[in-house]
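Worksheet: the structure to be examined is printed underneath.
The values are calculated or read from the model by the stated rules, or taken from the named source; none is laboratory data. All figures in this text were calculated on a predicted structure; none of them were measured in a lab. Note that we place each Cβ from the backbone using ideal geometry, even for glycine, and neighbour counts take in every protein chain shown.
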Amino acid sequence: MLISKMKEVWICLKAGRVTLPYPFKPAIPPDGFRGKLEIDKEKCIGCAGCANVCTPRAIIVTDLNGDWRKIDFYLERCTYCGRCEEVCPENAIVMTKEFETATNSKEDLHISVELYMGSCQRCGRCFTPVHPLDKMMVTGFREN
Ligand code: SF4
Ligand code: SF4
């Protein structure tokens, strides 16, 4: 009994330190870590692919009218699965290494993107123009 316990102690000592000194020293997550997501508003084409795959409904798409689409990211609901990053055809979403997301206000975890889209002549709903140049043909393109 005593010998087996001594062996256990020896094995533990041999392993050395296996924990990080975080939060006293910064912890750098490894490559591939899925932290708080970031969205590049310039790259997003409003296809809603990210919202379709988001299981906890952290991404909500709203058509404000026939021309403007709003995409809201409610990151307090995010489970960091990374599916939105995976399916985004424009690589507009990136899972960063940021993991310190504690906050007193949920608003800090809210990202809102408003995009000028094309307007379908038949149904009047927003759609993604085939080519970025198509957007340039529209009067009032990206006023802000
Ligand atoms: S990482 Fe997953 S849960 Fe978070 S917004 Fe993207 S798809 Fe939704
Ligand atoms: S999948 Fe990418 S391009 Fe499509 S709406 Fe989401 S962020 Fe924008």
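Are any residues in the stretch 74-85 over 8 Å from the mean Cα position of the chain (by Cα) and among the aromatic types (Phe, Trp, Tyr), and if so, which ones?
74
Among the residues that make up the stretch 30-51, is at least one of them under 30 Å from residue 122 (Cβ atoms), among the aromatic types (Phe, Trp, Tyr) and touching a residue at least 40 places away in the same chain (Cβ under 8 Å)?
no
Confirm whether residue 24 is within 16 Å of ligand 1 (Cβ to nearest atom) and either in a loop (DSSP other than H, G, I, E, B) or at pLDDT 95 or above (or both).
no
Please enumerate the residues belonging to the stretch 58-72 that are without any contact (Cβ under 8 Å) to a residue 40 or more places away in the chain and either near ligand 1 (Cβ under 8 Å from one of its atoms) or acidic (Asp, Glu) (or both).
Passing the criteria: 58, 59.
Mind listing whichever residues of the stretch 102-117 are free of Cβ contacts under 8 Å to residues at least 40 places away in the same chain and part of a loop (DSSP other than H, G, I, E, B)?
Within the stretch 102-117, 102, 103, 104, 105 qualify.
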